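Engineer: Before we start, here is the structure in question, set down as structure tokens.
Bear in mind these aren't lab numbers, they're just calculated from the coordinates by the rules spelled out. Remember, predicted model here, so these are calculated numbers, not experimental data. All Cβ positions, even for glycine, are placed from backbone atoms using ideal geometry, and neighbour counts span all protein chains on display.
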Amino acid sequence: MPTLRLRNLTEAFSRRLFSTSGLVRTFNAGKISPFITKLLKSRDITITEKDCQAELRKPLLDVLHDRGLIKTCINEDGLRKIIATKKVGLYCGADPTAKSLHLGNLLPLMILLHFNLRGHNIFPLIGGATGAVGDPSGRTTERTSMTNDSRADHVYRISHQLLNFFQTGIKYASTRNPAIDDTNCGVLDLKNNYKWWGEMGMLQFLSTYGRFIRVNQMLARDSVKRRISSEQGIGFNEFTYQVLQAYDFYYLNRTYGVDVQVGGKDQYGNIVAGIDFISRLNKEDNKNNGKKQQNSCFGLTAPLLTTASGVKFGKSAGNAIFIDPELTPTFDIYQFMYRVADEDVERFLHMFSLLPLPVIDKVVEAHMHDKYTRFGQTVLACEICDLIYGDGTGLINHNMSKLIFENPKTVDADQIIEAFSVQPDLLTKLTMKQALGLSVPNLLYIMSHGVKSKNHFRRMMKTGAVRNGKSRKMKLMDPRNLLKRKDLIDEKLLILKAGKDVYIAEITE
């Protein structure tokens, strides 16, 4: 009896040790980002050992629910049991439909990151093959076809973004919660599904796996039903996409021990299709091999990223915030998060920050006490920059923002030019002849890189929405007027503000 009791205690201890593997590291407050420490201390907030360990002691799924990262969990009870006793493998796929991932894509990746920090293995997947077919989920029309060269370029870019996100995220995590042992993370292994689809012939696939696919279930998927009932209908390529994704899950499960598929809310049907496909194949294998035990697979979906007012972020909504700094400079992402509504601060901090939850509660409390200073938005903007681009990026953009927006009379032109030199896309080069010889709408058109029209800026000027950044009171209302030397900062810098957008130009003779 004593031996049995000791074994039970040992097993219970090992389960607890695994589920709180981040506690292995001795707490070292010196690992916390100095800037974040200083920013939090400005509101008498400190990151304590108790705060850090409180989150790591909680079951992981509870943490993900608390952070608002889980929309649905397929077989949650089973998943809770399995992750408490062993490592699992998880994957999340991204098709190369654009040059870059965007903020909305990050929610499923955040789930993978949390699991990886607890020692579980993650397999981000780039859809080098499925990207050529097109996923109908969440769409009312067929995707525009893409050339092979464009797709290959997108595969290359997104592959690097996926790896960089997790590698940077792991380093970032230990600067927010030093109780996390960033040397004890699980495996990070990027996959491209072209590896197995490129070797698979159509006849081979249909003869081997076709009988395990049920067309009535495929037709019952919401994404398929909506498209079938639409005027455009659905092509065979998009109709069969769920089969390809189901096989991806099966292949990763058999080859790399992947038990969990993670995706956005719109991927629920495809994930269920994959679990059903694996279950049918496992039953066949067990029947042939005389086995009775059936290994379970699981699914997690993240919510769609929306504002408190219900506005969706993404390519289809036309307001995607891309994480590639060539497409969206890090300063623009900082400014975007700095401008979010007060109602979004807590939710976005939970989702995108790895600050311990008790610390986030204190940040939100301080923010709600004094909304005018936008303390919560400042923390949020710094957090998401450091998460995506590395510790210190938030500080750089915070300083750039202060230089531009705080007390224009004290702005130093050389400081701004130096700060923005690390993000050259934000700093336009103009000659003095251009600065003083072109109308303000023409200047704004050049400084915005042609993203917005001259007529757009003319209309903004007539409503008083355009200002000279040298003075908050200096409205520029007549589109015909030209600037003078006194409108420049130190005769070498021009700052124009059009609504919430800021445009900066270095002036040379």
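Engineer: Restricting to DSSP loop positions (anything but H, G, I, E, B) with no more than 12 other Cβ atoms inside 10 Å of their own Cβ, which trypsin sites (Lys or Arg not before Pro) remain in the range 316-416?
Structural biologist: Passing sites in the range 316-416 are Arg339.
Engineer: Relative contact order for the range 408-509: what is it in percent, counting Cα pairs under 8 Å that are at least 6 residues apart?
Structural biologist: 35 percent.
Engineer: Set the Förster radius R0 to 56 Å, insert the Cβ-Cβ distance between Lys71 and Ser471 as r into 1/(1 + (r/R0)^6), and round the FRET efficiency to 0.05. Walk me through the numbers on the way to the answer.
Structural biologist: Details: r = 47 Å, r/R0 = 0.85.
Step by step, r from the Cβ atoms, then E = 0.75.
Engineer: Can you list which of the DSSP-assigned H helices in the chain have a Cα extent of 20 Å or more along the long axis and an average Kyte-Doolittle score of at least 0.0?
Structural biologist: For the chain, where a helix must reach 20 Å along its axis and average at least 0.0, the hits are 375-389.
Engineer: Among all the aspartates and glutamates, which ones have a C-alpha under 12 Å from Lys462's C-alpha, if same-chain residues fewer than 8 places away are not counted?
Structural biologist: Those aspartates and glutamates meeting the cut-off are Asp478.
Engineer: Given 0.36 nm per residue, what is the gain on full extension from Asn399 to Lys31 after removing their alpha carbon distance, in nm?
Structural biologist: Full-extension gain reported as 130.3 nm.
Engineer: Near Lys492, which aspartates and glutamates are there with a Cα under 15 Å away, not counting those fewer than 8 places off in the same chain?
Structural biologist: Cα-Cα hits under 15 Å: Asp412, Asp414, Glu418, Glu506, Glu509.
Engineer: Based solely on its DSSP helices, what 222 nm [θ] is calculated for the chain when runs of n ≥ 4 H residues each add -39,500 (n - 2.57) and the sum is averaged over all residues, nearest 500 deg cm²/dmol? List each step's numbers first, then the result.
Structural biologist: On the way: 23 runs with 248 residues, N = 509.
Estimated from H runs of four or more residues: -14500 deg cm²/dmol.
Engineer: Applying 1/(1 + (r/R0)^6) with R0 = 30 Å to the Cβ-Cβ distance of Thr431 and Asn164, what FRET efficiency is obtained, to the nearest 0.05? All intermediate terms of the calculation are to be shown ahead of the outcome.
Structural biologist: Values: r = 37 Å, r/R0 = 1.24.
Once rounded, the FRET efficiency stands at 0.20.
Engineer: Still on this structure: Using only Cα atoms, locate the centre of the range 210-275 and the centre of the range 146-206, then give the distance between them in Å, rounded to an integer.
Structural biologist: The distance from the Cα centre of the range 210-275 to that of the range 146-206 comes to 21 Å.
Engineer: Which of Asp44, Asp414, Asp266 has the fewest other C-beta atoms within 10 Å, and how do the rest follow up to the most? Mind dumping the intermediate values first?
Structural biologist: Numbers: Asp44 8, Asp414 11, Asp266 16.
Taking fewest neighbouring Cβ atoms as first place, the list is Asp44, Asp414, Asp266.
Engineer: Using the structure shown, select from Lys362/Lys402; Lys452/Lys486; Lys475/Lys500 the pairs with a Cα to Cα distance greater than 20 angstrom.
Structural biologist: Pairs exceeding the cut-off: Lys362/Lys402; Lys452/Lys486.
Engineer: Here's something else I'd like to know. Can you give me the relative contact order of the chain as a percent, contacts being Cα pairs under 8 Å and 6 or more apart?
Structural biologist: 16 percent
Engineer: Sort the range 387-504 into rounded, prolate or oblate with this rule: let a ≥ b ≥ c be the square roots of the eigenvalues of the Cα gyration tensor; rounded if a/c is under 1.5, and if a/c is not under 1.5, prolate when a/b is larger than b/c, oblate otherwise.
Structural biologist: prolate
Engineer: When His456, His120, His398, His449 are ordered from fewest to most other Cβ atoms inside 10 Å of their Cβ, what list results?
Structural biologist: His449, His456, His398, His120
Engineer: Something else about it: Which lysines, on any chain, are close to Lys171 with Cα under 16 Å apart, when same-chain ones fewer than 8 places away are left out?
Structural biologist: Lys31
Engineer: Another question, if that's okay. Treat the count of other C-beta atoms within 10 Å as a stand-in for reagent exposure and order His160, His350 from fewest to most.
Structural biologist: Ascending number of Cβ neighbours within 10 Å: His160, His350.
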